[in-house]
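Notes to accompany the following structure.
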């Protein structure tokens, strides 16, 4: 018996032993797939929310830094507060849309 044939027989018997000895579940149940898809969607929604919040923080900081030299003027200070308030409201709206749109879609399917 040659060495190549011996190695081939050992490999075939090992593969046969793995296949026969332990039944492997190849197909996942529908519940498992649905759970994994829901978890993946939640992760994507979390990442999108984090990006929206990060952009909102950067926009608010830009407004504050841009208007910093004239912070003594009450009119300018009022404009800064209104602008930062708008940014916060838009961040909240965008985050709500990210989470509410999939929920509303699931109501109609």
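Laboratory data are not the source of any read-out in this text; all were calculated from the coordinates shown. These numbers were taken from a predicted model, which means no experiment stands behind them. Virtual Cβ from ideal backbone geometry, glycine too; neighbours counted across all protein chains shown.
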Study note, to complete from the structure: Length gained if residue 14 through residue 82 is fully extended, taking 0.36 nm per residue and subtracting the Cα-Cα distance, is 17.3 nm
**Study point:** Helix 30-66 vs. the chain, principal-axis angle (Cα, 0 to 90°, nearest 10)
**Key:** 30
Study note, to complete from the structure: Ranked on Cβ counts within 10 Å of their own Cβ, fewest leading, 35, 109, 49, 2 go 109, 2, 35, 49
Check your understanding: Given the chain reduced to its alpha-carbon atoms as identical point scatterers, what log10 I(q)/I(0) does the Debye formula return at q = 0.11, 0.24 Å⁻¹?
Key -> -0.64, -1.21
Review point. Taking only C-alpha pairs under 8 Å that are 6+ residues apart, what is the relative contact order of the chain in percent?
Key: 27
Review point. When the helix-only estimate is applied to the chain (DSSP H runs of n ≥ 4, each -39,500 (n - 2.57), divided by the residue count), what is the mean residue ellipticity at 222 nm, nearest 500 deg cm²/dmol?
Key: -30000 deg cm²/dmol
Review point. How far is helix 3-21 tilted, in degrees, relative to the longest principal axis of the Cα atoms in the chain, given as a value from 0 to 90 rounded to the nearest 10?
Key: 60
Practice item. Return the whole-Å distance between the Cα centroid of segment 33-62 and the Cα centroid of segment 1-15. Key: 53
Study note, to complete from the structure: Among 27, 48, 93, the residue with the largest mean-square fluctuation in a Gaussian network model of the chain built from Cα contacts under 10 Å is 27
Check your understanding: Expressed as an acute angle from 0 to 90° and rounded to the nearest 10, what is the orientation of the C-alpha long axis of helix 74-108 relative to the principal long axis of the chain?
Key -> 30
Practice item. Starting from the Cα of residue 50, step 7 Å along the direction of its Cβ; do the same at residue 73; then give the gap between the two resulting points in nm. Key: 4.0
